[in-house]
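Chemist: Dropping a structure here in C-alpha cells format, bear with me for questions.
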Amino acid sequence: MNFESCGVLPRVLNDLEAAKTELATSGAVIFEPIDCTEAGTRAFAQEMFGDRLRALPEGARVFEGGEHDITRVQATNQKTTPCHTDGFAYGDLYPDFMLLSCVKESEVGGESILVDGYKVLEALATDANLSWAARALREREIDQTETGMQTSLSPICMDNGKGRTMVRRTLEQRPAEKSKDPEKDQQMIDLWRESIDAASRFAPQFKLLPGQVVVVDNYRLMHGRQPYEDLNRMLWRVWVWTVDCLNVPDMPLASDTRYATARG
Ligand SMILES: O=C(O)CCC(=O)C(=O)O
Ligand SMILES: [Fe+2]
C-alpha cells in the first residue's frame, strides 16, 4: 500500500441496487441518468438511502462565486480545490454522505478526484517510519473548528460508535490551544495533509456530466476538483445524514454552511 493507490475512480452505474453495493464497497459511485435539479437530486438520495435517512436538507447550488457558503470564498474556478471532507462547519457532526449532481459541466477542466482516507491510513500504518501517525490520528485531539462555526476538538480519525471509521480533512486543522505537545500534533497534521495531497496527485480524474450524480461516503473519501474555464458550470450539492452518522446536528440544516455558525 502506498499513496499512489489511494485514488478512487467511481464506477458509472444505472441499477440502484448495484449502486448501493458499489457505494458500500468502494465509498463512491456515479449513477445515471437522474434528474439533476435540486428536487431530482434529493429524490435520488431518498431512493438511494430510503429508511436509513435521518436528514436530507435542501440542496445547495455549486457554481463560481457560490452562495451562502463561507468555505467557498476560497474556492475559485481558476484554482484546484484540494481534497477535503464536506460539511466540517458542523464540527464532528458533519454529514456522512454527500451527492453532487451535474447540471452543466465545463468542457475545459473541472475534473473531480476522490481519495480514500481509509487507504491513506493503511498506507501510514504499514510504513515503519509513519505508523506512529496512524495511531496518533485516532488519539490526539486537535482543533478542527472552522472559524465562526461549530467547535470541534477531536482526533482526525474517529469512530461513529457503530464500527464505522470517520476521517476528516478540513481547511483548518491545528493543534488545540490546550495541547500538551503542539509540535507533535503539528507533525501529525502535516503528515496527514501531505499524504492526502500526495494521494491526490496520483488519483484518477473524472468529469461529472449532465444527468450524472456522484454519491460519496463523506466519512471515508475526500473529494477535490481541477480548475475549470466555463463559468456556467453548475452542480447541485446535497448533504445526507444517515443512521450510520455520529449524530444529526441539533440545528437547522442545509447542504451548505449557512446555518452552521456558532451561536451566542
Ligand atoms: O466543484 C466541484 O466539483 C466540487 C465542489 C465541492 O467540493 C463541493 O461543492 O463540496
Ligand atoms: Fe466539497
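Chemist: Under a point spin-label approximation (7 Å from Cα along Cα-to-Cβ), what is the LEU16-ASP35 distance to one decimal in nm?
Modeler: 1.4 nm
Chemist: Cα atoms only: what Rg and Dmax, in Å, come out for segment 185-259?
Modeler: In Å, with Rg to one decimal and Dmax whole: 15.9, 43.
Chemist: Which three extents, in whole angstrom, do the alpha-carbon atoms of the chain cover along their principal axes, largest first?
Modeler: Here the spans come out as 51, 45, 38 Å, largest first.
Chemist: Further question: Relative contact order for the chain using alpha-carbon pairs under 8 Å, separation at least 6, rounded to a whole percent?
Modeler: Normalised by residue count, the contact order of the chain is 39 percent.
Chemist: Nearest 10 degrees is fine. How inclined is helix 182-202 to the longest principal axis of the chain, computing both from alpha carbons?
Modeler: Around 40 degrees separate the two axes.
Chemist: When a/c is below 1.5 the answer is rounded, else prolate if a/b is larger than b/c, else oblate, so apply that to segment 1-98 with a ≥ b ≥ c taken from the square roots of the Cα gyration tensor eigenvalues.
Modeler: Note, shape of segment 1-98 comes out oblate.
Chemist: Set the Förster distance to 25 Å, then compute FRET efficiency between GLN46 and ASN2 from the Cβ-Cβ distance, nearest 0.05.
Modeler: 0.05
Chemist: Specify, per residue and in Å³, the volume enclosed by the convex hull of the alpha carbon atoms belonging to segment 1-49.
Modeler: Once divided by residue count, the hull of segment 1-49 is 86 Å³.
Chemist: Among PRO204, PRO252, PRO227, which one shows the biggest mean-square fluctuation in a GNM of the chain, springs joining Cα atoms closer than 10 Å?
Modeler: PRO252
Chemist: With the crude spin-label approximation of a point 7 Å out along Cα→Cβ, what separation in nm comes out for THR151 versus ARG164?
Modeler: Going by the 7 Å Cα→Cβ label model, 2.6 nm.
Chemist: Something else about it: Could you tell me which of VAL167, VAL213, ALA203 has its Cα farthest along the dipole of segment 164-214 towards the positive end, charges placed at Cβ (Lys, Arg +1; Asp, Glu -1), taken about the Cα centre?
Modeler: Value: VAL213.
Chemist: With angles folded into 0 to 90 degrees, how steeply does helix 16-26 sit against the dominant principal axis of the chain? Use alpha carbons for both and round to 10.
Modeler: It works out to around 20 degrees.
Chemist: Give LYS119/LYS178; LYS119/LYS207; LYS162/LYS184; LYS20/LYS104; LYS20/LYS184; LYS79/LYS162 a once-over and call out the pairs whose C-alpha atoms are over 32 Å from each other.
Modeler: Over 32 Å Cα-Cα: LYS20/LYS184; LYS79/LYS162.
Chemist: Using +1 on the beta carbon of Lys and Arg, -1 on that of Asp and Glu, and nothing else charged, what's the dipole of the chain about the Cα centre, debye to 20?
Modeler: So the dipole magnitude of the chain works out to roughly 300 debye.
Chemist: Suppose R0 equals 22 Å; then what is the FRET efficiency for TYR118 and ALA24 from their Cβ-Cβ distance, rounded to the nearest 0.05?
Modeler: Efficiency, rounded to the nearest 0.05: 0.95.
Chemist: Tell me, MET166, MET188, MET251, MET158 in order of fewest to most beta-carbon neighbours within 10 Å?
Modeler: By the 10 Å Cβ count, ascending: MET251, MET158, MET166, MET188.
Chemist: Just check segment 56-174 against the gyration tensor rule for me: Cα atoms, a ≥ b ≥ c as the square roots of the eigenvalues, rounded for a/c under 1.5, and otherwise prolate or oblate depending on whether a/b exceeds b/c.
Modeler: Here segment 56-174 falls in the prolate category.
Chemist: With a 10 Å cut-off between alpha carbons and a GNM built on the chain, which of VAL120, VAL167, VAL12 moves the most?
Modeler: Judging by the Gaussian network model, the answer is VAL12.
Chemist: So, one more: With each pseudo-label sitting 7 Å past Cα toward Cβ, what's the GLU229-LYS104 distance in nm, one decimal?
Modeler: So the label points at GLU229 and LYS104 sit 1.6 nm apart.
Chemist: Work from the charge dipole of segment 3-242 (Cβ charges, +1 for Lys and Arg, -1 for Asp and Glu, about the Cα centre) and give the residue of LEU13, THR85, LEU99 farthest towards its positive end.
Modeler: Most positive-ward Cα: THR85.
Chemist: Tabulate in residue order the Karplus-calculated ³J(HN,Hα) for segment 211-224, using 6.51 cos²θ - 1.76 cosθ + 1.60 with θ = phi - 60°, rounded to whole Hz; enter x for Gly and Pro.
Modeler: x, 9, 10, 9, 10, 10, 6, 7, 7, 10, 9, 10, 10, x
Chemist: Ok, one more. How high is the FRET efficiency from SER131 to ARG263, r the C-beta distance, R0 41 Å, rounded to 0.05?
Modeler: After rounding to 0.05, the efficiency reads 0.55.
Chemist: Over the chain, with a Gaussian network built from C-alpha contacts below 10 Å, which listed residue (GLU111, GLU17, GLU58) shows the highest mean-square fluctuation?
Modeler: GLU17
Chemist: Take CYS102, CYS157 and order them by how many other Cβ atoms sit within 10 Å, fewest up front.
Modeler: In increasing order of surrounding Cβ atoms, one gets CYS157, CYS102.
Chemist: Suppose only helical runs count, i.e. DSSP H with n ≥ 4. What mean residue ellipticity at 222 nm does that imply for the chain under -39500 (n - 2.57) per run, divided by all residues and rounded to the nearest 500 deg cm²/dmol?
Modeler: After summing the helix terms and dividing by the residues of the chain, the value is -7500 deg cm²/dmol.
Chemist: May I ask you to compute the full-extension gain from ARG138 to PHE202, defined as 0.36 nm times their residue separation minus their alpha-carbon distance, rounded to one decimal in nm?
Modeler: My answer for the length gained is 20.5 nm.
Chemist: Taking neighbour counts of Cβ atoms within 10 Å as a proxy for exposure, in what order, fewest first, do ARG263, ARG61 appear?
Modeler: Least crowded to most crowded, the residues run ARG263, ARG61.
Chemist: Compute the signed sum of charges (Lys and Arg +1, Asp and Glu -1) over the other residues within less than 14 Å, Cβ to Cβ, of ARG168.
Modeler: That works out to -3.
Every read-out reported here was derived from the displayed coordinates using simple, explicitly stated rules and does not represent laboratory data. Treat the numbers as computed from the prediction; the structure is a model and nothing was measured. Because the Cβ atoms are built from the backbone with ideal geometry, glycine has one as well, and the counts that use them run over all protein chains shown.
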